[in-house]
Amino acid sequence: MAVSPVTSALTNLGTNLNTAVSQSNNQLGKDAFLKLLATQMRYQNPLDPINNADFIAQLSQFSTTEGVQQLNTNFSQMLLLQQMTQSANLIGKTILFDKPGSNFIGQGVVTAVKVDNGALNLVVGQNFVALSQVRGIKSQ
């Protein structure tokens with residue numbers, strides 16, 4: 001059975017896209033987009049090429065996606081910095097916090113602030129307390 005150029009192109013396109021997506025943890029990122037675009041250009045019909053308007057639209061979508069990704073990264077960094085500032089103000093203060101897995105409220109003095117894998121924790125004795133677990137601050 002002969003394989004038509006269109007079938008071959010679609011097979012190659014699917015293979016390239018699957019490879020690009022699996023390499024980027026199942027997210028269609030910029031590398032996957034560029035591979036998809038390059039494959040599309042390589043296998044387009046020379047008698048009916050991609051319309052310039054469609055090509056420009058695809059490039060602008062790519063640019064917009066890049067901008068949104070950069071904005072999300074910057075926003076996440078700004079949020080972490082804000083949380084670190086708030087947490088630093090708690091050093092030396094006694095806080096009340098939820099203990100995970102129990103109905104008890106813990107209490108202790110915040111001695112440090114620690115960031116692990118982008119998550120911010122307060123160090124209270126031997127405990128690591130997330131900001132979401134803090135239930136109150138005791139006056140001294």
- Among the residues of region 71-87, count how many are without any contact (Cβ under 8 Å) to a residue 12 or more places away in the chain and polar (S, T, N, Q). 6
- Just give me the residues in region 104-140 being of a type in the set (D, E, K, R) and free of Cβ contacts under 8 Å to residues at least 24 places away in the same chain, in sequence order. 114, 116
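Read-outs throughout are calculated quantities, based only on the coordinates presented, and are distinct from any laboratory measurement. Model, not experiment: these values are computed from the prediction. Cβ atoms come from the backbone with ideal geometry, glycine included; neighbour counts cover every protein chain shown.
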